[in-house]
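The values are calculated or read from the model by the stated rules, or taken from the named source; none is laboratory data. Just so we're clear, the structure is a prediction, and the values are computed from it rather than from any experiment. Note: ideal-geometry Cβ built from the backbone for every residue, glycine included; neighbour counts use all protein chains shown. To get the accessible areas, we keep the full protein, side chains included, count just its heavy atoms, and leave off ligands, DNA and RNA. Shrake-Rupley method; radii C 1.70, N 1.55, O 1.52, S 1.80 Å.
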Amino acid sequence: MRPARATRLIFLLSGIGMASWAPMVPYAKARLGLDDATLGLVLLCMGCGAVAAMPLAGFLTHRFGNRDVIGVSGLLVCVALPLLTIAPDVYWLGAALLFFGASLGVVDVAMNAHAVDVEKHAGKPMMSGFHGLFSVGGLVGSAGMAALLKAGAPLTGSALSVSAGLLAIVATQWRHFMVRLEEGEHASTGFRMPSATVFLLGFLCLVVFLAEGSMLDWSAVFLRFSRGFDASSAGFGYAAFSVAMAVGRLLGDRITAHVGPVTIVRGGAFIAALGFFVATLVPWGPAAMAGFVLVGLGASNIVPVLFSAAGRQPGTSAGIGIATVTSLGYAGMLAGPAAIGFAAHLSSLSTALFGVAVLLVVVSACASIVRR
(Lines give C-alpha, C1' and ligand atoms only; values in the text may rest on other atoms or scores of the structure.)
Protein backbone atom coordinates (compact mmCIF):
# COMPACT_ATOMS: atom_id res chain seq x y z
CA MET A 1 0.00 0.00 0.00
CA ARG A 2 1.51 3.30 -1.13
CA PRO A 3 0.41 5.35 1.92
CA ALA A 4 2.07 2.79 4.20
CA ARG A 5 5.30 2.96 2.20
CA ALA A 6 5.21 6.75 2.23
CA THR A 7 4.69 6.69 6.01
CA ARG A 8 7.65 4.35 6.51
CA LEU A 9 9.85 6.66 4.46
CA ILE A 10 8.79 9.80 6.33
CA PHE A 11 9.61 8.09 9.64
CA LEU A 12 12.98 7.19 8.11
CA LEU A 13 13.40 10.84 7.05
CA SER A 14 12.67 12.08 10.56
CA GLY A 15 15.21 9.70 12.09
CA ILE A 16 17.90 10.59 9.55
CA GLY A 17 17.30 14.32 9.90
CA MET A 18 17.43 14.31 13.70
CA ALA A 19 20.47 12.04 13.97
CA SER A 20 22.47 13.86 11.29
CA TRP A 21 22.87 16.75 13.71
CA ALA A 22 24.74 14.64 16.30
CA PRO A 23 28.07 14.31 14.38
CA MET A 24 27.89 18.05 13.60
CA VAL A 25 27.83 19.14 17.26
CA PRO A 26 31.63 18.99 17.85
CA TYR A 27 32.18 21.05 14.69
CA ALA A 28 29.75 23.72 15.89
CA LYS A 29 31.42 23.77 19.30
CA ALA A 30 34.89 24.21 17.84
CA ARG A 31 33.89 26.68 15.11
CA LEU A 32 32.08 29.03 17.49
CA GLY A 33 34.42 28.46 20.47
CA LEU A 34 31.66 27.38 22.84
CA ASP A 35 32.34 26.07 26.33
CA ASP A 36 30.40 23.09 27.63
CA ALA A 37 27.89 25.16 29.60
CA THR A 38 27.05 27.40 26.65
CA LEU A 39 26.82 24.44 24.30
CA GLY A 40 24.43 22.69 26.69
CA LEU A 41 22.12 25.70 26.75
CA VAL A 42 22.20 26.03 22.96
CA LEU A 43 21.42 22.36 22.48
CA LEU A 44 18.23 22.81 24.51
CA CYS A 45 16.91 25.05 21.72
CA MET A 46 16.26 22.09 19.46
CA GLY A 47 14.05 20.32 22.01
CA CYS A 48 12.34 23.55 23.01
CA GLY A 49 11.51 24.27 19.37
CA ALA A 50 10.00 20.81 18.96
CA VAL A 51 7.88 21.00 22.12
CA ALA A 52 6.67 24.52 21.30
CA ALA A 53 5.65 23.56 17.76
CA MET A 54 3.83 20.32 18.58
CA PRO A 55 0.55 21.85 19.85
CA LEU A 56 0.45 24.02 16.71
CA ALA A 57 1.07 20.92 14.61
CA GLY A 58 -1.99 19.29 16.14
CA PHE A 59 -4.15 22.25 15.10
CA LEU A 60 -2.63 22.33 11.58
CA THR A 61 -3.23 18.63 10.95
CA HIS A 62 -6.79 18.99 12.22
CA ARG A 63 -7.35 22.02 9.97
CA PHE A 64 -5.48 21.12 6.78
CA GLY A 65 -4.93 17.36 6.92
CA ASN A 66 -1.75 15.36 7.40
CA ARG A 67 -0.49 15.34 3.80
CA ASP A 68 0.05 19.09 3.44
CA VAL A 69 1.55 19.43 6.91
CA ILE A 70 3.99 16.56 6.30
CA GLY A 71 4.99 18.02 2.93
CA VAL A 72 5.65 21.55 4.15
CA SER A 73 7.38 20.59 7.40
CA GLY A 74 9.46 17.96 5.59
CA LEU A 75 10.70 20.65 3.21
CA LEU A 76 11.53 22.89 6.19
CA VAL A 77 13.67 20.12 7.71
CA CYS A 78 15.62 19.95 4.44
CA VAL A 79 16.19 23.71 4.58
CA ALA A 80 17.06 23.82 8.28
CA LEU A 81 19.79 21.17 8.34
CA PRO A 82 22.38 23.11 6.24
CA LEU A 83 21.60 26.30 8.17
CA LEU A 84 23.09 24.66 11.28
CA THR A 85 26.49 24.58 9.57
CA ILE A 86 26.68 28.26 8.62
CA ALA A 87 25.37 30.00 11.75
CA PRO A 88 27.90 32.82 12.36
CA ASP A 89 27.51 33.00 16.15
CA VAL A 90 25.85 31.31 19.10
CA TYR A 91 22.64 33.33 18.78
CA TRP A 92 22.12 32.37 15.14
CA LEU A 93 22.92 28.76 16.00
CA GLY A 94 20.29 28.83 18.74
CA ALA A 95 17.75 30.30 16.31
CA ALA A 96 18.63 27.69 13.68
CA LEU A 97 18.20 24.91 16.24
CA LEU A 98 14.81 26.32 17.27
CA PHE A 99 13.76 26.29 13.60
CA PHE A 100 15.18 22.80 13.07
CA GLY A 101 13.52 21.43 16.21
CA ALA A 102 10.18 23.05 15.37
CA SER A 103 10.25 21.57 11.85
CA LEU A 104 11.03 18.10 13.22
CA GLY A 105 8.34 18.49 15.88
CA VAL A 106 5.66 19.25 13.29
CA VAL A 107 6.80 16.33 11.14
CA ASP A 108 6.67 14.10 14.23
CA VAL A 109 3.05 14.93 15.04
CA ALA A 110 1.82 14.81 11.43
CA MET A 111 3.56 11.53 10.57
CA ASN A 112 2.21 9.82 13.69
CA ALA A 113 -1.30 11.11 12.99
CA HIS A 114 -0.97 9.81 9.43
CA ALA A 115 0.31 6.49 10.77
CA VAL A 116 -2.89 6.18 12.83
CA ASP A 117 -4.90 6.73 9.63
CA VAL A 118 -2.89 4.05 7.82
CA GLU A 119 -3.46 1.62 10.71
CA LYS A 120 -7.20 2.27 10.56
CA HIS A 121 -7.22 1.69 6.82
CA ALA A 122 -5.15 -1.51 7.08
CA GLY A 123 -7.02 -2.86 10.10
CA LYS A 124 -3.89 -4.18 11.78
CA PRO A 125 -1.08 -2.89 14.04
CA MET A 126 1.62 -1.02 12.10
CA MET A 127 2.84 1.72 14.44
CA SER A 128 5.78 -0.20 15.94
CA GLY A 129 7.16 -0.92 12.48
CA PHE A 130 6.95 2.77 11.60
CA HIS A 131 8.84 3.69 14.76
CA GLY A 132 11.35 0.95 13.96
CA LEU A 133 12.12 2.78 10.70
CA PHE A 134 12.68 5.94 12.74
CA SER A 135 15.28 4.04 14.80
CA VAL A 136 16.89 2.74 11.61
CA GLY A 137 16.94 6.30 10.31
CA GLY A 138 18.76 7.39 13.46
CA LEU A 139 21.49 4.84 12.82
CA VAL A 140 21.72 5.73 9.12
CA GLY A 141 21.76 9.48 9.75
CA SER A 142 24.46 9.47 12.41
CA ALA A 143 26.64 6.88 10.66
CA GLY A 144 26.17 8.44 7.22
CA MET A 145 27.02 11.97 8.33
CA ALA A 146 30.00 10.70 10.32
CA ALA A 147 31.24 8.75 7.27
CA LEU A 148 30.99 11.80 5.01
CA LEU A 149 32.91 13.94 7.49
CA LYS A 150 35.54 11.26 8.07
CA ALA A 151 36.04 11.01 4.30
CA GLY A 152 36.96 14.70 4.27
CA ALA A 153 33.75 16.15 2.86
CA PRO A 154 33.09 19.75 3.96
CA LEU A 155 30.54 20.16 6.73
CA THR A 156 28.08 22.26 4.75
CA GLY A 157 28.45 20.00 1.72
CA SER A 158 27.72 16.95 3.87
CA ALA A 159 24.60 18.59 5.29
CA LEU A 160 23.45 19.55 1.80
CA SER A 161 23.95 15.96 0.64
CA VAL A 162 21.78 14.64 3.44
CA SER A 163 19.16 17.31 2.76
CA ALA A 164 19.09 16.34 -0.92
CA GLY A 165 18.32 12.75 0.05
CA LEU A 166 15.57 13.87 2.41
CA LEU A 167 14.16 16.19 -0.26
CA ALA A 168 13.94 13.25 -2.65
CA ILE A 169 11.80 11.39 -0.09
CA VAL A 170 9.42 14.34 0.32
CA ALA A 171 9.18 14.99 -3.44
CA THR A 172 8.49 11.38 -4.42
CA GLN A 173 6.18 10.40 -1.57
CA TRP A 174 4.06 13.53 -0.98
CA ARG A 175 1.31 12.53 -3.38
CA HIS A 176 0.96 9.12 -1.73
CA PHE A 177 -0.03 10.46 1.69
CA MET A 178 -3.70 10.31 2.60
CA VAL A 179 -5.45 13.66 2.62
CA ARG A 180 -7.63 12.77 5.63
CA LEU A 181 -9.09 9.63 7.16
CA GLU A 182 -10.84 11.05 10.18
CA GLU A 183 -14.48 10.58 10.94
CA GLY A 184 -16.69 13.28 9.50
CA GLU A 185 -17.52 14.72 12.90
CA HIS A 186 -13.84 15.25 13.67
CA ALA A 187 -13.12 16.82 10.33
CA SER A 188 -16.02 19.24 10.50
CA THR A 189 -15.98 20.38 14.10
CA GLY A 190 -13.75 23.06 15.53
CA PHE A 191 -10.90 22.65 17.94
CA ARG A 192 -11.68 20.71 21.12
CA MET A 193 -9.60 20.29 24.23
CA PRO A 194 -8.20 16.76 24.54
CA SER A 195 -9.96 14.49 27.01
CA ALA A 196 -8.60 13.46 30.39
CA THR A 197 -7.74 10.07 28.87
CA VAL A 198 -5.46 11.75 26.35
CA PHE A 199 -3.66 13.62 29.12
CA LEU A 200 -3.19 10.38 31.05
CA LEU A 201 -1.76 8.76 27.92
CA GLY A 202 0.55 11.77 27.70
CA PHE A 203 1.73 11.24 31.27
CA LEU A 204 2.50 7.58 30.53
CA CYS A 205 4.40 8.68 27.43
CA LEU A 206 6.31 11.22 29.53
CA VAL A 207 7.50 8.43 31.85
CA VAL A 208 8.63 6.22 28.97
CA PHE A 209 10.41 9.12 27.25
CA LEU A 210 12.04 9.95 30.59
CA ALA A 211 13.33 6.37 30.71
CA GLU A 212 14.67 6.65 27.16
CA GLY A 213 16.26 10.03 27.94
CA SER A 214 17.91 8.63 31.05
CA MET A 215 19.54 5.96 28.88
CA LEU A 216 20.83 8.57 26.46
CA ASP A 217 22.26 10.93 29.06
CA TRP A 218 23.09 8.75 32.05
CA SER A 219 23.81 5.17 30.96
CA ALA A 220 27.47 5.82 30.15
CA VAL A 221 27.93 7.87 33.34
CA PHE A 222 26.39 5.05 35.37
CA LEU A 223 28.64 2.40 33.82
CA ARG A 224 31.73 4.57 34.19
CA PHE A 225 31.34 5.75 37.77
CA SER A 226 29.00 3.19 39.37
CA ARG A 227 30.12 -0.03 37.69
CA GLY A 228 33.79 0.64 36.97
CA PHE A 229 33.77 0.62 33.15
CA ASP A 230 36.56 2.57 31.48
CA ALA A 231 35.63 5.68 29.54
CA SER A 232 36.14 4.09 26.11
CA SER A 233 33.65 1.26 26.74
CA ALA A 234 31.01 3.02 28.85
CA GLY A 235 29.12 4.08 25.71
CA PHE A 236 28.33 0.46 24.85
CA GLY A 237 25.48 0.55 27.37
CA TYR A 238 23.47 2.97 25.24
CA ALA A 239 24.41 1.04 22.09
CA ALA A 240 23.00 -2.17 23.63
CA PHE A 241 19.83 -0.30 24.62
CA SER A 242 19.44 1.19 21.11
CA VAL A 243 19.90 -2.11 19.28
CA ALA A 244 17.42 -3.84 21.61
CA MET A 245 14.87 -1.07 21.05
CA ALA A 246 15.26 -1.17 17.25
CA VAL A 247 14.86 -4.97 17.16
CA GLY A 248 11.85 -4.78 19.47
CA ARG A 249 10.15 -2.20 17.28
CA LEU A 250 10.78 -4.04 14.04
CA LEU A 251 9.12 -7.12 15.56
CA GLY A 252 6.54 -5.12 17.50
CA ASP A 253 3.60 -5.15 15.08
CA ARG A 254 3.48 -8.95 15.01
CA ILE A 255 3.75 -9.14 18.79
CA THR A 256 1.06 -6.47 19.28
CA ALA A 257 -1.29 -8.27 16.89
CA HIS A 258 -0.76 -11.50 18.83
CA VAL A 259 -0.99 -10.32 22.46
CA GLY A 260 -2.86 -7.00 22.20
CA PRO A 261 -1.94 -3.43 23.17
CA VAL A 262 -2.76 -3.76 26.88
CA THR A 263 -0.32 -6.63 27.29
CA ILE A 264 2.33 -4.69 25.33
CA VAL A 265 2.12 -1.75 27.74
CA ARG A 266 1.73 -3.82 30.91
CA GLY A 267 4.42 -6.37 30.07
CA GLY A 268 6.73 -3.92 28.33
CA ALA A 269 6.73 -1.44 31.20
CA PHE A 270 7.32 -4.28 33.66
CA ILE A 271 10.27 -5.60 31.61
CA ALA A 272 11.76 -2.10 31.33
CA ALA A 273 11.32 -1.58 35.08
CA LEU A 274 12.97 -4.95 35.69
CA GLY A 275 15.90 -3.80 33.56
CA PHE A 276 16.41 -0.73 35.74
CA PHE A 277 16.07 -2.82 38.89
CA VAL A 278 18.73 -5.28 37.65
CA ALA A 279 21.08 -2.49 36.58
CA THR A 280 20.83 -0.60 39.87
CA LEU A 281 20.54 -3.42 42.40
CA VAL A 282 23.05 -5.98 41.04
CA PRO A 283 26.58 -4.56 41.55
CA TRP A 284 28.12 -6.27 38.52
CA GLY A 285 28.98 -4.64 35.18
CA PRO A 286 27.53 -7.32 32.86
CA ALA A 287 24.29 -7.27 34.85
CA ALA A 288 23.97 -3.54 34.15
CA MET A 289 24.46 -4.17 30.42
CA ALA A 290 21.82 -6.91 30.53
CA GLY A 291 19.51 -4.53 32.38
CA PHE A 292 19.89 -1.89 29.66
CA VAL A 293 18.98 -4.49 27.03
CA LEU A 294 15.82 -5.29 29.01
CA VAL A 295 14.97 -1.57 29.17
CA GLY A 296 15.30 -1.32 25.38
CA LEU A 297 13.21 -4.41 24.70
CA GLY A 298 10.54 -3.49 27.23
CA ALA A 299 10.17 0.15 26.23
CA SER A 300 10.40 -0.43 22.48
CA ASN A 301 6.69 -0.77 21.71
CA ILE A 302 5.03 1.20 24.51
CA VAL A 303 5.18 4.62 22.82
CA PRO A 304 3.82 3.34 19.46
CA VAL A 305 0.86 1.78 21.30
CA LEU A 306 0.27 4.99 23.29
CA PHE A 307 0.34 7.04 20.08
CA SER A 308 -2.14 4.69 18.42
CA ALA A 309 -4.45 4.94 21.44
CA ALA A 310 -4.20 8.76 21.43
CA GLY A 311 -5.16 8.83 17.77
CA ARG A 312 -8.28 6.71 18.35
CA GLN A 313 -9.91 8.74 21.13
CA PRO A 314 -13.54 9.66 20.41
CA GLY A 315 -14.25 13.37 20.23
CA THR A 316 -10.59 14.27 19.59
CA SER A 317 -8.90 14.36 16.19
CA ALA A 318 -5.86 12.13 15.73
CA GLY A 319 -3.59 15.13 15.18
CA ILE A 320 -4.64 16.93 18.36
CA GLY A 321 -4.52 13.77 20.46
CA ILE A 322 -1.05 12.84 19.22
CA ALA A 323 0.17 16.44 19.57
CA THR A 324 -0.82 16.37 23.25
CA VAL A 325 0.86 13.03 23.91
CA THR A 326 4.05 13.90 22.00
CA SER A 327 4.33 17.31 23.68
CA LEU A 328 4.15 15.74 27.13
CA GLY A 329 6.49 12.95 26.06
CA TYR A 330 9.15 15.30 24.72
CA ALA A 331 8.82 17.41 27.86
CA GLY A 332 9.76 14.29 29.80
CA MET A 333 12.73 13.66 27.54
CA LEU A 334 13.92 17.25 27.98
CA ALA A 335 13.33 17.75 31.68
CA GLY A 336 13.71 14.15 32.84
CA PRO A 337 17.48 13.77 32.54
CA ALA A 338 17.97 17.04 34.41
CA ALA A 339 15.61 15.82 37.16
CA ILE A 340 17.60 12.59 37.37
CA GLY A 341 20.78 14.61 37.77
CA PHE A 342 19.21 16.61 40.58
CA ALA A 343 17.99 13.44 42.30
CA ALA A 344 21.41 11.84 41.86
CA HIS A 345 23.00 14.89 43.48
CA LEU A 346 20.71 14.54 46.50
CA SER A 347 21.21 10.77 46.82
CA SER A 348 22.96 8.69 44.14
CA LEU A 349 22.59 7.90 40.45
CA SER A 350 21.53 4.35 41.31
CA THR A 351 18.73 5.69 43.50
CA ALA A 352 17.60 8.12 40.78
CA LEU A 353 17.44 5.37 38.15
CA PHE A 354 15.63 3.14 40.67
CA GLY A 355 13.00 5.90 40.83
CA VAL A 356 12.54 5.64 37.04
CA ALA A 357 11.85 1.93 37.52
CA VAL A 358 9.14 2.74 40.06
CA LEU A 359 7.48 5.13 37.58
CA LEU A 360 7.53 2.39 34.93
CA VAL A 361 5.70 0.12 37.38
CA VAL A 362 3.01 2.83 37.51
CA VAL A 363 2.83 2.75 33.70
CA SER A 364 2.38 -1.02 33.85
CA ALA A 365 -0.46 -0.63 36.35
CA CYS A 366 -2.26 1.86 34.07
CA ALA A 367 -1.98 -0.30 30.94
CA SER A 368 -5.72 -0.91 30.60
CA ILE A 369 -6.21 2.69 29.45
CA VAL A 370 -4.99 1.84 25.93
CA ARG A 371 -8.09 -0.36 25.51
CA ARG A 372 -10.34 2.71 25.49
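A few remarks follow.
- Residues within the reach of a label modelled at A122 (point 7 angstrom out along Cα to beta-carbon, backbone nitrogen below 20 Å), restricted to the stretch 7-47, are 7-16.
- Extending 7 Å from the Cα toward the beta-carbon at both V282 and I369 defines two label points whose distance is 3.1 nm.
- Each of A147, N112, A80 was scored by the projection of its Cα onto the charge dipole of the chain, and the greatest displacement toward the positive side belongs to N112; charges sit on the C-beta of Lys, Arg, Asp and Glu.
- Computed lengthening from L139 to V25, 0.36 nm per intervening residue step minus Cα-Cα distance: 39.4 nm
- Order by protection proxy (mean Cβ within 10 Å, highest first), peptides 70-80, 9-19: 9-19, 70-80
- Using Cβ point charges alone (K and R +1, D and E -1), the dipole size of the chain about the Cα centre works out to roughly 720 debye.
- At a probe radius of 1.4 angstrom, the accessible area of the chain per residue rounds to 41 square angstrom.
- Projected label points at R254 and L44, each 7 Å from Cα along the beta carbon direction, are separated by 4.4 nanometres.
- Full extension of the chain between V221 and V243 gives 6.0 nm of extra length, using 0.36 nm per residue less the Cα-Cα distance.
- Kyte-Doolittle at least 0.0, axis length at least 24 Å by Cα - qualifying DSSP helices, the chain: 2-20, 36-64, 66-86, 90-122, 127-150, 155-173, 196-225, 236-259, 261-281, 318-346, 349-365
- When peptides 153-162, 170-179, 47-56 are ranked by their average number of other Cβ atoms within 10 Å per residue, the highest-first order is 47-56, 153-162, 170-179.
- Length available on full extension from R5 to A147: 0.36 nm per residue minus the Cα-Cα distance, which gives 48.4 nm.
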